[in-house]
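The values are calculated or read from the model by the stated rules, or taken from the named source; none is laboratory data. On a predicted model such as this, the values are computed, not experimentally measured, just so you know. Reconstructed Cβ throughout: ideal geometry from the backbone, glycine too, with neighbour counts over all protein chains shown.
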Amino acid sequence: MSAVLETCGLTKTFGGLTAVDDVSFTLAKAELLALIGPNGAGKSTCFNMLMGQLAPSAGEVLLAGAPITGLSPRQIWRKGVGRTFQITATYSSMTVIENVQMALLSHHGEVFRFLTFAHRMHREEALALLDMVGMAEQADRHCAVLAYGDLKRMELAIALAHEPQLLLMDEPTAGMAPRERIALMELTAKIVADRGVSVLFTEHDMDVVFAHAHRIMVLNRGALIAEGSAAEIRGNPLVQEVYLGGGTVFGAEETAHA
């Protein structure tokens, strides 16, 4: 069976700078895969190529064995790839459930046909998604008054509205309190197990990574330097030297984040 996601020699250059350097990896069905590394290591650039926001300078991206390199973000989304962002992107003037309903309308191709009646459509489906992420009781609250952790959970419900086979989560716990981080990643792990969604996520909190990732990849200066289980990454001498041990390659700022 083909991997859900596969990259082959993925590379991105900006002038004389190589931001992502010959990155190749696979992501299996129902796998929770972490991509870690310092600010500037190329994680977000890699995500932007996977989702079509950036065109690779070289290499290929395959989704379920089919090439998606060069497709637009919307075309890739239509093929079953969802994404959450470091900073939540929601309609603050709408209620929680209305945000999810808008995502469902887009999924069903009904945004422009029924926009006037959007608040009446797919309500039960939206409530089921909100219940999945523990937000059903806040369905009719306006997003502008939500705590940041609740916004993150709502964003996850929006991403799941399209029934993705692959979910890209860029710094999913950024800006959250430690307890909220743990709760969000426990929820993500449960969704992976229950729905068979494959998840690739970036993260600075190593407690979150080691507790929940099935497998971990380490990116340094645009290149993958290690890949394996939490135990293997903890014990990898190169990772210890340049990252986990606070070495000079990744710098003091990244050590503080970790």
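Here's a check for you: in region 77-89, which residue that is at pLDDT 70 or above and either among the basic types (K, R) or out of contact with any Lys or Arg (no Cβ under 9 Å at 6 or more places or on another chain) (or both) is surrounded by the most Cβ atoms within 10 Å (Cβ to Cβ)? Walk me through it before giving the result.
Step one: of region 77-89, the residues at pLDDT 70 or above are 77-85.
Next, from what is left, pick out any that are either among the basic types (K, R) or out of contact with any Lys or Arg (no Cβ under 9 Å at 6 or more places or on another chain) (or both): 78-83, 85.
On the way: R78: 14, K79: 15, G80: 16, V81: 27, G82: 23, R83: 22, F85: 16.
Among those residues, the one meeting the criterion is V81.
Can you go through A211, A226, A174, A231 and tell me which one is more than 16 Å from M132 (Cα to Cα), in a loop (DSSP other than H, G, I, E, B) and hydrophobic (A, V, I, L, M, F, W, C)?
On the way: A211 fails: in a loop (DSSP other than H, G, I, E, B); A226 fails: in a loop (DSSP other than H, G, I, E, B); A231 fails: in a loop (DSSP other than H, G, I, E, B).
Among A211, A226, A174, A231, only A174 is more than 16 Å from M132 (Cα to Cα), in a loop (DSSP other than H, G, I, E, B) and hydrophobic (A, V, I, L, M, F, W, C).
Is it the case that some residue within region 177-196 is crowded, with 23+ Cβ neighbours inside 10 Å, within 28 Å of L62 (Cα to Cα) and among the acidic types (D, E)?
Scanning region 177-196 turns up no residue that is crowded, with 23+ Cβ neighbours inside 10 Å, within 28 Å of L62 (Cα to Cα) and among the acidic types (D, E).
When only residues in region 42-65 that are within 15 Å of P164 (Cβ to Cβ) and out of contact with any helix residue (DSSP H, G or I) (no Cβ under 7 Å at 6 or more places or on another chain) count, which is surrounded by the most Cβ atoms within 10 Å (Cβ to Cβ)?
L50
Select from region 18-49 the residues that are on the phi > 0 side of the Ramachandran plot and either of a type in the set (V, I, T) or under 16 Å from the mean Cα position of the chain (by Cα) (or both) and list them in ascending order. Give the steps one after another, and end with the answer.
Kept after step one, since they are on the phi > 0 side of the Ramachandran plot, are these residues of region 18-49: 22, 30, 37, 40, 42.
If the condition is that a residue be on the phi > 0 side of the Ramachandran plot and either of a type in the set (V, I, T) or under 16 Å from the mean Cα position of the chain (by Cα) (or both), then A30, G37, G42 are the ones that fit.
Just wondering, is there one or more residues in region 17-24 that are surrounded by fewer than 20 Cβ atoms within 10 Å (Cβ to Cβ) and either farther than 28 Å from E232 by Cα or at pLDDT below 90 (or both)?
Yes, region 17-24 contains a residue that is surrounded by fewer than 20 Cβ atoms within 10 Å (Cβ to Cβ) and either farther than 28 Å from E232 by Cα or at pLDDT below 90 (or both).
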